[in-house]
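Notes to accompany the following structure.
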Amino acid sequence: MTAHRIHLRSDLTRVEILALLGTAGALDRRQIATRLRLGDATVHEHTRRLLASGYLRTLAPQAGVVGRPRIPLQVVPEAAATVGVRVATDHLVTVVAGLDGRMISSDVSPFDCHADPIPQLLAVINHRLADPVVGSRLKAVGVATPSSVDPATGFIRFCPRFGWTDLPLGERLRAELAIPVLVDNDLRASTTAELLYRTGLEHDDFLVLGIGDGVGLGAVLHRRVHRGPSGLSGEFGHTPVAATGPRCACGARGCLETFTSDHGILRAARRRGLAEAATTIEELRARWASREPGLADLLAEIGAILGRAVAGVVNLLGTPTITVIGENHVLWPGLEPGFSAAMRTSQVTAAHRVRVIVRPWSDAQHALGAASLALAAPETLA
């Protein structure tokens, strides 16, 4: 692929149709239109193209229906697949997903964020392309990074966690690969997956709160993932909450994630004598799982900091639902009391009535989000 820019459309209709049929099973066109709140003509045109490409198949007409027979449509999950790669500090998680969004395979590879990322990423991607079972069906690659990135080009402006600045990651990968490559922020990738396969099946407007080694917030508004100009959205962790707080990796002081990320939680625990210098976040999660005394008050205070920041976004956008994802979802029972108290300080606000959904999480979820994002690239289903 020689183009240096992917024109990422806001129209995900064909992908939404595939995702709906992949999760709900076979539906006729009228049922698809009703579920996705689309016009009949729009559904007819998109399904016609998907049928012509072999991504959908027709089933026998429904019996006993008065009037024109309704023909159920079914996704063909094996007709195409995408690769998703989640880039973490010391490892890569790579998944292959079918057209129905289900994971076909997943594995973990070592990664050195201080070395050139291109050969490391190409190694895992080319390994999938050479797979005799799925390689020929792979249509696109999605790469999810914890960075400020323009999804149209895959240009990474700044990734303080890795020390990357002005890295043309998408351009360099596309120069080496023959299939489309889409690079985006990991939280936006997972937000896309939530829209297509989970929260978006019931809600048109919602937030996705990612809590783990960083903190991010994705927004779906009117069934579209909000990206902002040049993709500069989702950097919720760098919301300033304290003028004299700890120094953040971005260079500022008192960013939200200095209090609510893994490092922030461990710092607060050490300050209270609840952790030592060598204590890891995994150990703290395990201790919370056994409800160790003392951690409840600590987590409730951190939850309150998080809740006050999220409440401002909810009150601005009026989004009725928040989905919580990320490695620290296991700490949510401890974070929730403070979070909810902060959200419900005023009964006249949208935050007072918000519904929170907590998702089970694994390290492969961001990678699966990247695979979903790749499916949404315009060239993938062309």
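The values are calculated or read from the model by the stated rules, or taken from the named source; none is laboratory data. Nothing here was measured: the structure is a model prediction, and the numbers come from that model. Every residue, glycine among them, receives a Cβ derived from its backbone with ideal geometry; neighbour counts consider all protein chains shown.
Remarks
- Selection of strands (runs of 3 or more DSSP E) fully inside the range 148-251 by the criterion of at least 3 residues being under 19 Å from Gly369 (Cβ atoms) and in the same structural domain as Leu317 (by TED's automatic domain parsing) returns 206-211, 215-221.
- Extreme residue, nearest to Gly334 (Cα to Cα), among residues of the range 281-291 that are out of contact with any Asp or Glu (no Cβ under 7 Å at 6 or more places or on another chain) and in contact (Cβ under 8 Å) with a residue 12 or more places away in the chain: Trp288
- Assessment of the range 125-141 against the conditions (closer than 29 Å to Thr258 by Cα and either among the hydrophobic types (A, V, I, L, M, F, W, C) or out of contact with any strand residue (DSSP E or B) (no Cβ under 6 Å at 6 or more places or on another chain) (or both)) yields no matching residue.
- Qualifying positions in the range 135-159 - farther than 17 Å from Glu235 by Cβ, crowded, with 18+ Cβ neighbours inside 10 Å and among the polar types (S, T, N, Q): Thr153
- Number of positions in the range 160-209 that are buried (at least 22 other Cβ atoms within 10 Å of the Cβ), more than 26 Å from Gln120 (Cα to Cα) and of a type outside the set (Val, Ile, Thr): 7
- Selection from the range 70-97 of residues that are touching a residue at least 40 places away in the same chain (Cβ under 8 Å), assigned to a strand (DSSP E or B) and closer than 20 Å to Ile179 by Cβ: Ala81, Thr82, Val83, Gly84, Val85, Arg86, Val87, Val93, Thr94, Val95, Val96, Ala97
- Looking across the range 226-273, the residues that are on the phi > 0 side of the Ramachandran plot and either over 22 Å from the mean Cα position of the chain (by Cα) or surrounded by fewer than 21 Cβ atoms within 10 Å (Cβ to Cβ) (or both) come down to Gly228, Ser230, Gly251, Gly254, Gly273.
- Check on Asp107, under 26 Å from Arg223 (Cα atoms) and part of a strand (DSSP E or B): no
- The range 352-382 - residue that is farther than 19 Å from Ser105 by Cβ and surrounded by 24 or more Cβ atoms within 10 Å (Cβ to Cβ) and, of those, modelled with the highest pLDDT: Ala376
- Test: Val324 is crowded, with 18+ Cβ neighbours inside 10 Å and out of contact with any Ser or Thr (no Cβ under 8 Å at 6 or more places or on another chain): yes
- Taken across the range 306-315, residues that are modelled with pLDDT under 95 and out of contact with any Ser or Thr (no Cβ under 9 Å at 6 or more places or on another chain) do not occur at all.
- Note on the range 123-134: residues that are buried (at least 16 other Cβ atoms within 10 Å of the Cβ) and either β-branched (Val, Ile, Thr) or closer than 17 Å to Glu171 by Cβ (or both) total 3.
- Hits in the range 127-147 - residues which are under 15 Å from Ala79 (Cβ atoms) and either acidic (Asp, Glu) or assigned to a helix (DSSP H, G or I) (or both): Gly135, Ser136, Arg137
- Whichever residue in the range 210-225 is farther than 23 Å from Gly154 by Cα and within 14 Å of the chain's Cα centre (by Cα) and, among such residues, is surrounded by the fewest Cβ atoms within 10 Å (Cβ to Cβ): Gly212
- If you go through the range 321-363 and keep only what is assigned to a loop (DSSP other than H, G, I, E, B) and among the acidic types (Asp, Glu), you end up with just Asp363.
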